[in-house]
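J.: Below: one structure in structure tokens.
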Amino acid sequence: MIGNGSDVVVRGSLRLREITRGDAPLLYSLRLDPETRLMFRSTAEVSFATHCAFLERYFSADNNDRWYVIESLGRTVGTIALYSLSADGLEAEWGRFVVAPEHRGAGIGRAALSALIDEARRLGVRRLRCEVLATNLSALALYQRLGFREVSMAEQEERRFVTMLLELTEVSAMDPIHLFVPTFRVDETLNEIR
């Protein structure tokens, strides 16, 4: 169940804050952006009342989905969600991923998705999947750079959607690798040279 917006994932200047009912107008405007709407399975415009009814399910006690508002440098710039967790919690889907048009191309999408992947890993998810419109080449390239691989293709109303999968490990692929590098005392090295 989504609570009061207090569940937060932070990564540098980027923050994923769980949605609140007060975010309904923002989520609605992001979803109905004409360019964005074409990327979803359902491209139909929906009424605000229908949107609010859909949103309300996230606040029910038996919901284990997580839907976040993406904030960067204190500004709301998008949305991303983790949902359809399997009964054992090992598999999940992510989506509802929108970065507002005026904030695209600045690395916010990559940072938000990386933060969501880390959160899924923290929750114990081991297989993370998504669907993306086959013609959305920039999204496909981003997901592949983050380690997702194509596993299937589906067609709906003459549009093709790619299902992608990421196998998660215990350690983030974004974690730094610590190497042991031997160090020498400068005076010992200088003495050897002389």
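Computed from the coordinates by the stated procedures, all read-outs in this text should not be read as laboratory data. Quick caveat: nothing in here was measured; it's all calculated off a predicted structure. Reconstructed Cβ throughout: ideal geometry from the backbone, glycine too, with neighbour counts over all protein chains shown.
J.: At a 10 angstrom cut-off on C-beta neighbours, averaged per residue, how do the peptides 120-127, 137-144, 149-156 rank from highest to lowest?
T.: The packing order, highest mean first, is 120-127, 137-144, 149-156.
J.: Percent relative contact order of the stretch 36-139, based on C-alpha pairs within less than 8 angstrom and at least six residues apart?
T.: Once divided by the residue count of the stretch 36-139, the mean separation gives 22 percent.
J.: With the cut-off at 17 Å, report for the stretch 26-97 the share of all Cα pairs above it, as a whole percent.
T.: Value for the stretch 26-97: 52 percent of Cα pairs lie more than 17 Å apart.
J.: Apply the Karplus parameterisation 6.51 cos²θ - 1.76 cosθ + 1.60, with θ equal to phi minus 60°, to every residue of the stretch 43-55 and state each ³J(HN,Hα) to the nearest whole Hz, in sequence, with x for glycine and proline.
T.: With coefficients 6.51, -1.76 and 1.60, one gets 9, 5, 6, 10, 6, 4, 5, 5, 4, 5, 5, 4, 4 Hz.
J.: Compute the semi-axes of the equivalent ellipsoid of the stretch 59-127, taking the square root of 5 times each eigenvalue of the Cα gyration tensor, and list them largest first in whole Å.
T.: Those come to 24, 13, 9 Å.
J.: What span do the alpha-carbon atoms of the stretch 1-159 cover on each of the three principal axes, reported in whole Å from largest to smallest?
T.: 37, 36, 34
J.: May I ask for the net charge around Glu155, where only other residues with Cβ less than 15 Å from the Cβ of Glu155 are counted and Lys, Arg are +1 while Asp, Glu are -1? Write down the numbers at each step before the final one.
T.: Values: positive: Arg41, Arg159, Arg160; negative: Glu131, Glu150, Glu157, Glu158.
Net of charged neighbours comes to -1.
J.: While we're here: Give me Rg over Rh for the stretch 80-171, both radii from the alpha carbons and Rh done the Kirkwood way, two decimal places.
T.: 0.96
J.: Sequence-distant or interchain residues sharing an amide H contact under 5 Å with Arg126, placed H: which?
T.: Here the answer is Glu91, since their amide H atoms fall under 5 Å of that of Arg126.
J.: Also, I was wondering about something else. Taking the Cα centre of the stretch 30-184 as origin and charging only Cβ (+1 Lys, Arg; -1 Asp, Glu), how large is the dipole, in debye to the nearest 20?
T.: Around 260 debye, computed over the stretch 30-184.
J.: Say R0 is 25 Å: what FRET efficiency, to the nearest 0.05, do Arg11 and Thr50 get from their beta-carbon distance? Working shown, then result.
T.: Details: r = 33 Å, r/R0 = 1.31.
Rounded to the nearest 0.05, the efficiency is 0.15.
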